Amino acid sequence: MKKVILLSAIVLVGVIGVYYFVTFLAVQSKFASDDISNDLKFETRTWTEGTIRQRGQMVNYLLDSIGLVDKTKEEITKLLGEPDSENNVADGEYKSKFYYSVDKGDAFTYDMIVFFDSTDNVKFILFDD
């Protein structure tokens, strides 16, 4: 009787394990086959009023076609709106940073960090999760 119970338990654990593994694969394939383009044309209104996912879809166009480096803090605010957060504490050669939340369709939401130098010009862009 103990052997039957043990064998039943092993089979049950195996079935449950396979179920969770198949579910995991299905979820992963859904994210991998995300058919939402990440190459939307940048629009200020959509960036400022839209979702962080819409921002993520515009990031490539924003950086490759428009560019942010060497723009002033005023130009960035006009283009991207007020940042989600700001850090005005000096960090090495950078005087301040603007943070904009973006979702590029990966597993994490990122902060697009815009670094300003002492003349309030953009010198560097970083994505951090």
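The values are calculated or read from the model by the stated rules, or taken from the named source; none is laboratory data. Quantities reported herein were computed from a predicted structural model and do not represent experimental measurements. So basically every Cβ, Gly included, is an ideal-geometry build from the backbone, and we count neighbours across all protein chains shown.
Brief remarks on what is shown
- In region 59-100, the residues that are among the small types (Gly, Ala, Ser), in a loop (DSSP other than H, G, I, E, B) and within 12 Å of residue 115 (Cβ to Cβ): 90, 92
- Any hit, region 88-108, residues being of a type in the set (S, T, N, Q), at pLDDT 90 or above and exposed (fewer than 15 other Cβ atoms within 10 Å of the Cβ): no
- Only one of the listed residues (120, 128, 111) is exposed (fewer than 14 other Cβ atoms within 10 Å of the Cβ), out of contact with any Cys (no Cβ under 9 Å at 6 or more places or on another chain) and not hydrophobic (A, V, I, L, M, F, W, C). That residue is 128.
- Look at (1) free of Cβ contacts under 8 Å to residues at least 12 places away in the same chain; (2) among the charged types (D, E, K, R); (3) in contact with a Lys or Arg (Cβ under 8 Å, 6 or more places away or on another chain) and you find that residue 75 fails only one, number (3).
- For residue 123, the conditions (1) in a strand (DSSP E or B); (2) within 20 Å of the chain's Cα centre (by Cα) are fulfilled apart from (2).
- Within region 58-68, being out of contact with any helix residue (DSSP H, G or I) (no Cβ under 9 Å at 6 or more places or on another chain) and in contact (Cβ under 8 Å) with a residue 12 or more places away in the chain holds for 59, 60, 61, 63, 65.
- Test: residue 79 is aliphatic (A, V, I, L, M), in contact with a Ser or Thr (Cβ under 7 Å, 6 or more places away or on another chain) and surrounded by 15 or more Cβ atoms within 10 Å (Cβ to Cβ): yes
- Count of residues meeting criterion [touching a helix residue (DSSP H, G or I) at 6+ places or on another chain (Cβ under 9 Å), in a strand (DSSP E or B) and closer than 19 Å to residue 57 by Cβ] in region 101-120: 5
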